[in-house]
Amino acid sequence: MNNYKKMLILILVMTFIVATLAGCTGKPNNESTTSENTSSDGTSKNSTNASSDNTSKVDTSKEVHLIYYLWGSEGPANRDILNEINKKLKADINATIEVKYIDWPDVATKYPLLFASGEQFDMAHASSNAVISYFTLAAQGSLTDITDMLDTVVPKLKAEIPKESWKSAEYKGRIYGVPTAYTEFTPYGYVYRRDLKEKYGLDEINSIETMEAYMDAIAKNESFPPLNGNSSDAQNLYRMFVDLTGSWIEAPGIPLSEMHLVAVSPEKYDDIIHPAFTKEFEDWAVMMHEWSSKGYWPKDILSAQQNAKTNFNNGISGGFITHMPDWTGNYGTVKKNMPGVETDFWCFAEKNGKIKRKLGVENITIISANSKNPERALMAIEKFMTEEEYYRLIQYGIEGRQYEIVDGIARKPEKFNPDVDAGGFAAWALRNDRFNIPYDTEDPRRYELIKKWSKVAIDNPYVGFSFDSTSISSELAAIANVNSQLGVQIMLGKTADPKKAVEEYRNQLKQAGIEKVIEEVKRQLKDFTPINIGN
Amino acid sequence: MFYKTKNNVIRQGLSDNLLKIICYTSVGLFALICLFPFALMITSSFMSEKEIVTEGYKLFPKKFTVSAYKFLLSNPQKLVNAYKITIFNTVVGTTVGLFLMSMAGYVLNRKDFKYRNFFAFFIYFTTLFSGGLIPRYILMVKYLGLKDNILAMILPNVISAWYIFLMRNFMKSIPDSLYESATIDGAGVFRIYWQIVLPLSIPALATVGLFLALGFWNEWYNAMLYIESPSKFPLQYFLQKTINQTNVQILINQGVMIDISELPTQSIKMATAVVATGPIIFLYPFVQRYFIKGLTIGAIKG
Amino acid sequence: MLQINSHNKLMSMSREIRKNKVLFLMLLPTVVYFIIFHYIPMPGAYVAFVDYNVNKGIFGSKFVGLKNFQFLVQNGDLWRITRNTLLYNFVFLVLGNIVQIAFAVMLSEIGSKWFKKITQSIILLPHFISMVIVGVFAYNLFNYDYGFANMVLTSLGFERYEFYSDPYIWKYIIVFFKIWSSTGYNMIVYLSVITGINPEIYESAYIDGANSWKKIRYITLPMLKPTFVLLFLFGLGGMLRGSFELFYNLIGNNSVLFPQTDIIDTYVFRSLVGTFNFSMGAAVGFYQSVFGFILVLTVNAIVRKIEPEYALF
């Protein structure tokens, strides 16, 4: 009896609380929808205003304060740089910006929360690869539609950025952010030591055979393995496999951070397969098993704590697998840590002509749907990307304090004191080829390769395609699990019998719903035409 | 007891000695196992980066270097500031928490409080079900306006169901007769709590207070979520940031360019850990003096 | 009938409040605190049943029923990871408490003040060491090529052992590290209970000829029973949760070890790390909560039958 009473009271209290809560939480929802309405109304009003009177500029008589979210942390001199920027912004567009930072280790938690909580801010860095993707944000209505404003408010910015980049930022035909104007290529390759190659009288690495020769020599003669890495190398070896195989090209569907889907060629972009079901994959699995037993990587690679790059930089790995900018960016560290050692890079995708131009949408600046001043935010972005003085400030800092330019190369000044002068912003999305200056810590070959690849690079056929994964989220989670277990083991040759393991891997993928995922990708691709087909 | 033989006393002494030997050795051995990683942490903080990467952590490094500490202390302002914030959070949070929770534990232990079981359940229920990260974040930021507010690091941890139950559990050992005699003497419920129960609960307050203080000292998660100004960062948030670099690797793999020469090295990680945990360790020996034997008896007699 | 009943109920409640005004006032801050910080956000758990869209809000998003739970059963792994989690937590709870009680009792038997103080503080040290660092140290200890354990084995003339390829041995290593890291902390509760025991009871027992063993067996341990029950009941609620940091940092991505070391939290982490999904994460949390809730209600009811004073509520 007593218990019944207790339960009754409890239920009463709970319903009361739930009811009040529904009231509470209901309200902000309404608010946010109304504010969304007003903001979209506001923008459309603005655009109609502006289009009816094309010559009139945005009214900047009222000073505004813009909040800009970036990844990274605040250096001691960041305030000083920002002051310089704000002096100019105040004079030019009557606005000031305040940068807020999400530090690297917190990105995974805080970045999604920024949008989930409906926080008030103006601009933020975004990417199609971020924890919460640019396209998801656009689909959810977290971003301001800037398509019309581009013509009316910032025509100069619109002209500055290539058409393909704008196209890559489209979601259902509308643009929600300003993509980078910086040409990037991030194909993967094997970084190795030239001095060791010469020591053993080997040829330059440009194929599996020459790579095996180098790895054999290291594994036999040196005290460290040729790829002294950790479990993240499973994914690196998978990338290597995809890049080296025919005309395969990575396709949307399964996140690219795991063993993903491929299209058989850029032209047949809608012919989607999972590599696991091919003969090539089986052969690769056998080869990886062989490499593992030959000691190309440590026995405990699955649990190793340090990655191959860290080990390489400390002289205990024969090489590491990474993308080109990471290799060339490591130049300064190698020079400092291992004087006299030169590195070379075998790019996997080059031979089969599969160097892809990086999409603009992979580094993009967005304007929040909650921003009260989207025009002013856009104007600020325009300043940063189209005027050299602004560009130098946000990308390099204050001349003479954070950088100086000698013979066209930027470097830290003599009197640079990291405790006071260190500073800068991770505003990659605002970069522009036109104003870029090479750094002395970068391998000069970066720019040679960019020049070379610009001529031969292909466009990603999926520019402008955004995959909606909501209907297959449980299949994707199940596949992620299969990949992280058997997938990783196969790539690092950690199974007893590679052929049997591949068989088992296929079965598990099927059970996890790989067919449904492929169907869904194909279905969504039906309504999509790549922009550069036929170009 | 007059019949206790001499023989018996000797046997009593022998087995007691055996027990003593067992106690000393097993406690001593376990303490050594617990000390080992900490010692490793301290010695590694004096190792050179190259030696750590190539040869692993060592109890006896080949070469001692203080470069990690030099790096940490080159700009002591930040560190001093973080210490201030952490000490403030710990002192305020522990004091307020102890007061509120000892009251709650006292009320839940009063047999004449009819709804004590209901409220016990009301409190316990929150340890099982929670609304999750998003509703909590929205509550803290939108409705309570606690973004970038020091209170955001104190409030979420100031009261915990577990400590209330622990308090109640300790207070159970105070005999009911004490309440009765005090009530007859005309003392109100609050006065009984303040003048009788609290002084008798010193070991309980010391225990829960120690737990609370350790919790506030180690707190970094709420700081990560809600605090923006570097001037309000607590100590452990620094530690967490330097030690946990897994996300950085994921970002680099995505093509993000981060200058890794600016990332903390292994020895800096260890030095940060030493600096951040060092002082709080001395709190425990200090608290131990409040684990006083026989408080209850004296009170009843007096 | 029901109306009258609830009317009576309100009457008696208001009478009760009037009678015990001060007690209610003393409890008020705590109750308000739990309402604001726990009960108000609680309906957010509903996110587990919707296709969450930020701008529509939790209650405006589309209701999808149990779809968010589906990925747990898709590969048929639910039973395996649930069993692993239960077994690990049960061992942590029972063995952990036994070790804590043992060390608390042993420390109380130690006469030397300085030895007691120093060891007591040292045993607490592991509580402060981040699991990230523990993971790195474990690798230093157990790796094949230069791990400390293998150095010892080879110097004694044994073969090297591949610790990181043997899932079975990790069961014991994980339990060891868990006990190692939690003993000092939870031991404090038992220690403070022991110091609270009336010394007169011991004195009279000594005079009656009881040796230290008997005193422990017949006085100390029974006095610790309510605290043990409390700790045990509290532990039951989190039976399907927890220790993610420990497992993740010791095992990480080494899938060879997963068959014996995969728990719900690590499984979910791996499934959702690539595709960010609040709803699916919440679904798992809900499963863990309901499971713990049923477990606690059941055991608490049993405890209430046997010894009402020990029950939680």
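Below are the figures for this structure:
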item: Hey, residue B:223 within 12 Å of chain C (Cβ to nearest Cβ), in a helix (DSSP H, G or I), crowded, with 20+ Cβ neighbours inside 10 Å and not acidic (Asp, Glu) or not; result: no
item: From B:76, B:37, residue being without any contact (Cβ under 8 Å) to a residue 12 or more places away in the chain, within 20 Å of residue B:217 (Cβ to Cβ) and crowded, with 18+ Cβ neighbours inside 10 Å; result: B:37
item: Identity of the residue in the range C:259-280, of a type outside the set (Ser, Thr, Tyr) and under 20 Å from the mean Cα position of the chain (by Cα), that ends up nearest to residue C:165 (Cα to Cα); result: C:260
item: Conditions (1) more than 8 Å from chain C (Cβ to nearest Cβ); (2) within 24 Å of the chain's Cα centre (by Cα); number of the one not met by residue B:147; result: (2)
item: Test set (1) crowded, with 22+ Cβ neighbours inside 10 Å; (2) under 27 Å from residue A:460 (Cα atoms); (3) not basic (Lys, Arg) - residue A:530 fails condition number; result: (1)
item: Single unsatisfied condition, residue A:419 versus (1) surrounded by 23 or more Cβ atoms within 10 Å (Cβ to Cβ); (2) over 26 Å from the mean Cα position of the chain (by Cα); result: (1)
item: Flag if residue A:192 is crowded, with 22+ Cβ neighbours inside 10 Å and either among the basic types (Lys, Arg) or part of a helix (DSSP H, G or I) (or both); result: no
item: Positions within the range A:76-126 being assigned to a helix (DSSP H, G or I), more than 21 Å from residue A:393 (Cα to Cα) and touching a strand residue (DSSP E or B) at 6+ places or on another chain (Cβ under 7 Å), in sequence order; result: A:104, A:107, A:110, A:111, A:114
item: So residue A:363, is it within 14 Å of chain C (Cβ to nearest Cβ) and not hydroxyl-bearing (Ser, Thr, Tyr); result: no
item: Count - residues of the range A:209-222 that are under 18 Å from residue A:350 (Cβ atoms) and surrounded by 15 or more Cβ atoms within 10 Å (Cβ to Cβ); result: 3
item: Leading residue by the ranking (modelled with the lowest pLDDT) among those in the range B:158-176 that are more than 10 Å from chain C (Cβ to nearest Cβ) and in a helix (DSSP H, G or I); result: B:176
item: Flag if residue B:78 is charged (D, E, K, R) and under 18 Å from the mean Cα position of the chain (by Cα); result: no
item: Extreme residue, nearest to residue B:216 (Cα to Cα), among residues of the range B:101-153 that are among the polar types (S, T, N, Q) and either touching a residue at least 40 places away in the same chain (Cβ under 8 Å) or not in a helix (DSSP H, G or I) (or both); result: B:149
item: Residue C:40 without any contact (Cβ under 8 Å) to a residue 24 or more places away in the chain, in contact with a Pro (Cβ under 9 Å, 6 or more places away or on another chain) and more than 7 Å from every other protein chain (Cβ to nearest Cβ); result: no
item: Extreme residue, nearest to residue B:139 (Cα to Cα), among residues of the range A:129-162 that are among the small types (Gly, Ala, Ser), out of contact with any strand residue (DSSP E or B) (no Cβ under 6 Å at 6 or more places or on another chain) and surrounded by 20 or more Cβ atoms within 10 Å (Cβ to Cβ); result: A:142
item: Test for residue C:141: is it under 22 Å from residue C:291 (Cβ atoms), more than 10 Å from chain A (Cβ to nearest Cβ), free of Cβ contacts under 8 Å to residues at least 24 places away in the same chain and not hydroxyl-bearing (Ser, Thr, Tyr); result: no
item: Test result for residue C:293, in contact with a Gly (Cβ under 8 Å, 6 or more places away or on another chain) and at the interface with another protein chain (Cβ under 9 Å from one of its Cβ atoms); result: yes
item: Criterion: within 30 Å of residue A:276 (Cα to Cα), more than 10 Å from chain C (Cβ to nearest Cβ), not small (Gly, Ala, Ser) and not in a loop (DSSP other than H, G, I, E, B) - qualifying residue of A:502, A:463, A:488; result: A:502
item: When residues of the range A:431-458 are limited to those that are farther than 25 Å from residue A:191 by Cα, more than 14 Å from chain B (Cβ to nearest Cβ) and outside any strand (DSSP E or B), the one nearest to the chain's Cα centre (by Cα); result: A:433
item: Test: residue in the range C:113-122 that is in contact with a Gly (Cβ under 7 Å, 6 or more places away or on another chain) and in the same structural domain as residue C:167 (by TED's automatic domain parsing); result: yes
item: Members of the range C:182-226 that are more than 18 Å from residue C:103 (Cβ to Cβ) and of a type in the set (Lys, Arg); result: C:214
item: Qualifying positions in the range A:148-174 - of a type in the set (A, V, I, L, M, F, W, C), under 20 Å from residue A:427 (Cα atoms) and more than 18 Å from the chain's Cα centre (by Cα); result: A:154, A:157, A:161
item: Given (1) more than 14 Å from the chain's Cα centre (by Cα); (2) more than 8 Å from every other protein chain (Cβ to nearest Cβ); (3) surrounded by fewer than 20 Cβ atoms within 10 Å (Cβ to Cβ), index of the condition residue C:242 fails; result: (1)
item: Condition broken by residue A:310, with the remaining ones in (1) touching a residue at least 12 places away in the same chain (Cβ under 8 Å); (2) buried (at least 17 other Cβ atoms within 10 Å of the Cβ); (3) among the polar types (S, T, N, Q) satisfied; result: (1)
item: Enumeration of residues in the range A:228-274 that are small (Gly, Ala, Ser), over 25 Å from residue A:510 (Cβ atoms) and either in a strand (DSSP E or B) or out of contact with any Lys or Arg (no Cβ under 9 Å at 6 or more places or on another chain) (or both); result: A:232
item: Single residue of B:17, B:7 found to be at pLDDT below 85 and more than 8 Å from chain C (Cβ to nearest Cβ); result: B:7
item: Residue in the range C:272-301 that is modelled with the lowest pLDDT, counting only those that are among the β-branched types (Val, Ile, Thr) and more than 13 Å from residue B:130 (Cα to Cα); result: C:275
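Conditions (1) under 23 Å from residue A:337 (Cα atoms); (2) within 10 Å of chain A (Cβ to nearest Cβ), marked per residue:
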position: B:53; (1), (2): yes, yes
position: B:59; (1), (2): no, no
position: B:64; (1), (2): yes, no
position: B:86; (1), (2): no, no
position: B:94; (1), (2): no, no
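The values are calculated or read from the model by the stated rules, or taken from the named source; none is laboratory data. None of the values given here were measured: they were computed from a predicted structure. For neighbour counting, all protein chains shown are included, and Cβ atoms are generated from backbone atoms with ideal geometry for every residue, glycine included.
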